[in-house]
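Participant: Just dropping this structure here.
Nothing in this text is a laboratory measurement; each read-out follows from the coordinates by a stated rule. All values derive from a computational prediction rather than experimental measurement. Cβ coordinates were reconstructed from backbone atoms using ideal geometry, including for glycine residues, and neighbour counts include every protein chain displayed.
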């Protein structure tokens, strides 16, 4: 395989994991971080202790704090910035010569103000660039350790999807392709909301029955909104839907499930977020998806109750009770 020149924009846990994976796949990789002092520290220790503790970063990976250098030295740009920080980064990126580059978004979430998915935001800021999305059941620490994992790359351009599939695929990271960008993005976003709800169940010491109900009915909510917005129904039974949903709802390493668990134990959102070094995408995503459901008049009761817990100070126990006491209906 020809060596690709790749820059990962965002040195969080997932960005760092992908940098390590792509380096092991034989590619020329740069990893960009927004904070020069921290980049310097990681460059010296070859450890990203804040976001991916215990994992060594190969010396072949170039650690950068200059966005211009990261863009200049690559043909593939992997956008791994949390959704709420992506827009200002895109505005800086578009000042550079990017016409021939491929952009791959691995960011999960939607813009809470414009209600745009990340692909919409990227095209709005960068124009008609070559583009794809990667999503799936991928806990970063497991992928970084080479534990068998899978993901899907979605693009409207089949050639781009297949090219990226070859770049990312390995014996421990199996990559599938898809053309449904809307479904893949929405699955990767909404699953974080449902994971918060499952975490609430854990915090309230509820059982497996309850979590299974939340997961399956959450999948129904995901599918309802997705089909309304133009996604394919079958996408939500795939890796970026059911696969990612299951991993995030049950893994003890899931940040969003952790947030829900702490809420279920009675802690405030402000206190929980202050204790976390990493970003729980489901928190801002809940606000955006709730607004989307209201805009399109789509019933999403689990999302609504998570929104009420996060932003209206509703007690978690009351939210669960209200979900159970809704008017009965057919499945």
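Participant: Using Cα atoms only, what is the angle between the long axis of helix 282-295 and the major principal axis of the chain, expressed in degrees (0 to 90) to the nearest 10?
Facilitator: 60
Participant: Hey, another quick one. Simple spin-label model, 7 Å along Cα-to-Cβ: residue 208 to residue 159 in nm?
Facilitator: The answer from the label model is 5.0 nm.
Participant: Against the globular-protein guess of 2.2 N^0.38 Å, express the Cα radius of gyration of the chain as a ratio, rounded to two decimals. It would help to have the intermediate numbers written out before the result.
Facilitator: Working: Rg = 19.3 Å, N = 331, 2.2 N^0.38 = 20.0 Å.
This ratio for the chain stands at 0.97.
Participant: Same structure again: Looking at segment 185-324, I'd like the Rg to Rh ratio, where Rg is from alpha-carbon atoms and Rh is Kirkwood's inverse mean 1/r. Numbers along the way, then the final one.
Facilitator: Values: Rg = 13.6 Å, Rh = 14.6 Å.
When Rh is taken as the Kirkwood radius, the ratio is 0.94.
Participant: Can I ask one more? Let me check the size of segment 31-84 from its C-alpha atoms; what are the radius of gyration and Dmax in Å?
Facilitator: In Å, with Rg to one decimal and Dmax whole: 11.5, 30.
Participant: Using the count of nearby Cβ atoms within 10 Å as a rough guide to exposure, how do 32, 14 rank from fewest to most?
Facilitator: Working: 32 28, 14 25.
Fewest-to-most Cβ neighbours within 10 Å comes out as 14, 32.
Participant: Now for a separate question. Rg (Å, one decimal) plus Dmax (Å, integer) for the alpha carbons of segment 153-260?
Facilitator: Taking only Cα atoms of segment 153-260, I get Rg and Dmax of 15.1, 48 Å.
Participant: Once you've got the GNM for the chain with C-alpha springs shorter than 10 Å, pick whichever of 152, 184, 42 has the biggest mean-square fluctuation.
Facilitator: 42
Participant: Could you check what % of the DSSP bridge pairs in the chain are antiparallel, to the nearest 5? Each step should come with its number before you reach the end.
Facilitator: Working: 6 of 32 bridges.
Bridges in the chain are about 20 percent antiparallel.
Participant: Same structure, new question: Among 295-302, 269-276, what's the highest-first ranking by average C-beta atoms within 10 angstrom per residue?
Facilitator: The most tightly packed comes first, giving 295-302, 269-276.
Participant: Taking the number of other C-beta atoms within 10 Å as the exposure measure, put 23, 198 in order starting with the fewest. Before the final figure, lay out the partial values.
Facilitator: Working: 23 19, 198 28.
Arranged by neighbour count, lowest to highest, 23, 198 become 23, 198.
Participant: Based on the alpha-carbon set only, what is the convex hull volume of segment 5-179 divided per residue, in Å³?
Facilitator: Numbers: hull volume 18.6 nm³, N = 175.
Taking the convex hull of the Cα positions in segment 5-179, it is 107 Å³ per residue.
Participant: Using only Cα atoms, tell me the angle between helix 13-24 and the longest principal axis of the chain; keep it within 0 to 90° and round to the nearest 10.
Facilitator: The angle comes out at about 40 degrees.
Participant: Using a cut-off of under 20 Å, list every residue of segment 181-202 whose amide N is near the label point 7 Å from the Cα of residue 141 along the Cα-to-beta-carbon line.
Facilitator: 192, 195-196, 198-200, 202
Participant: Could you grab the relative contact order for the chain? Cα pairs under 8 Å, six or more apart, rounded to a whole percent.
Facilitator: On the way: 643 pairs, mean separation 49.4, N = 331.
Once divided by the residue count of the chain, the mean separation gives 15 percent.
Participant: Could you work out the helix-only [θ] at 222 nm for the chain, with each DSSP H run of four or more residues adding -39,500 (n - 2.57) and the total divided by the number of residues, to the nearest 500 deg cm²/dmol?
Facilitator: Dividing the helical sum by the residues of the chain leaves -15000 deg cm²/dmol.
Participant: Using only the alpha carbons of segment 131-194, what is the convex hull's orientation-averaged projected area in square nanometres? Before the final figure, lay out the partial values.
Facilitator: On the way: hull surface 17.4 nm².
Across all orientations, segment 131-194 yields a mean hull projection of 4.3 nm².
Participant: Cα axis of helix 255-264 to longest principal axis of the chain: angle in degrees, 0 to 90, nearest 10?
Facilitator: Helix 255-264 sits at roughly 30 degrees to that axis.
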